[in-house]
Each structure stands twice: as structure tokens, then as C-alpha cells.
Amino acid sequence: MHPLAPIYCIVFHGRRRIAAGPLADAVRSSCEQLADRVAETQVFDAETSKPIDVDWRGDADEVVARLQPVETGPPARGRPRLGVVAREVTLLPRHWEWLAEQPGGASVTLRRLVEQARREDGGGNRRRAQESAHRFMTAMAGDEPGYEEALRALFAGDAARFETFTATWPDDVRDHARRLARPALAGEA
């Protein structure tokens, strides 16, 4: 994700999904819905299912004002506005020699090789979907019946078993877990 892109999130209160969308909008909506009943509220990055910490004290404006931008580290070299970031790569001398002989130079060749590898493995969609679904399921469904079997089915790519073991979960938790797992279970590798 580009560092300047908005964070899309999903908010759960207990086992019920109460908001989704850009972080500030979803948090504001949650504050307005819940007023002072924010206990048991969890916010997740919609793509990765990583939890997002929110300080719920105060009114909606105060809560949104305290939201921190994504930590991007020191100013990046390269062309950060275009999403180009310079980082260090360590290679053996023979690798550098080969890269120097390629048309366009080392950077162009490395970008081409990375894109080719991404195309061949589908950009890692299956693995990312498994990790995201696993993170969400652990946080929200770890005590639900069939949780462990659903995880096994997720990592085995067995959609039918995953559907079976998530069938009795609370509707919003089940539906979101299934949405996250879909690329892993549909073979979108």
C-alpha cells in the first residue's frame, strides 16, 4: 500500500460489525453509534486484519483527532510520491556483474524480475489471504466452536470444510472471516 493511501478498516463491537471504511470515517461512525459504550470495540485493517489501536476517550472529534498516521519511518530516498522507495540490496559480485550487463541497469532489471515472480505466484494473494483470515479469526473467533478445524481447512485450501466449521459463528464474524479467506479457498494463488 502506498504510504499516503487511506487506511480502510472494519470495526467490531463485541461480535457485531458496526462500521467499515476509511479509518477516520469508521471511527467517527463508531463513536456516534456507541457513545460511551466502546468497551469490547476492536478495529482491524480491512486488508491485513492487523489490529489498530484507537484511544476512545472523548467525543468523536477528539477520538478522530488522536488517530495517528501510519508510521513510515525516516524520509525515503527515491521518488516517494510515485511510490518508489530506495533500499539496500546485498548481492554477490557475480550478481552485480550480471545486473550491470542488463539493458536498463540494475534497478530496471530487478523491478522486472520482481514483477515476473509476482505474476508467477499470483502476487502472494493466497498466503496474504490466509494470514489475514488467521489474524482475524484468532482475535474474533478463537473461542468459537470449530475454530481450530476452520483454521486447518483455511490452510489446506478446503472451502467446503471451512464453510462447515464457520457456519455456527456469529453472522458478522463468520461473513468477514469468509470474505478474508475467499482468495485462499478459491485457489487465487
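Observations
- Members of the range 145-169 that are assigned to a helix (DSSP H, G or I) and β-branched (Val, Ile, Thr): THR164, THR166
- Search result, residues across the range 18-58 that are in a helix (DSSP H, G or I) and either among the hydrophobic types (A, V, I, L, M, F, W, C) or in contact with a Lys or Arg (Cβ under 8 Å, 6 or more places away or on another chain) (or both): LEU23, ALA24, ALA26, VAL27, CYS31, LEU34
- Within the range 23-55, the set of residues being closer than 22 Å to ALA129 by Cβ and not polar (S, T, N, Q) comprises LEU23, ALA26, VAL43, PHE44, ASP45, ALA46, GLU47, LYS50, PRO51, ILE52.
- Where helices (runs of 4 or more DSSP H) sit wholly within the range 75-143, those with at least 1 residues that are modelled with pLDDT under 80 and exposed (fewer than 12 other Cβ atoms within 10 Å of the Cβ) occupy 105-120.
- Tally of residues being under 20 Å from HIS176 (Cα atoms), touching a residue at least 12 places away in the same chain (Cβ under 8 Å) and of a type outside the set (Lys, Arg) across the range 34-55: 12
- Any chance LEU154 is at pLDDT 95 or above and surrounded by 16 or more Cβ atoms within 10 Å (Cβ to Cβ): yes
- Qualifying positions in the range 156-173 - touching a residue at least 24 places away in the same chain (Cβ under 8 Å) and not aliphatic (A, V, I, L, M): GLY157, ASP158, THR166, THR168, TRP169, PRO170, ASP172
- Looking only at the range 157-189, and only at residues there that are in contact with a strand residue (DSSP E or B) (Cβ under 9 Å, 6 or more places away or on another chain) and surrounded by 15 or more Cβ atoms within 10 Å (Cβ to Cβ), the one that is farthest from THR48 (Cα to Cα): PRO170
The values are calculated or read from the model by the stated rules, or taken from the named source; none is laboratory data. All of these numbers come straight from a predicted model, not from anything done at the bench. Glycine also receives a Cβ, built like all others from the backbone with ideal geometry; neighbour counts cover every protein chain displayed.
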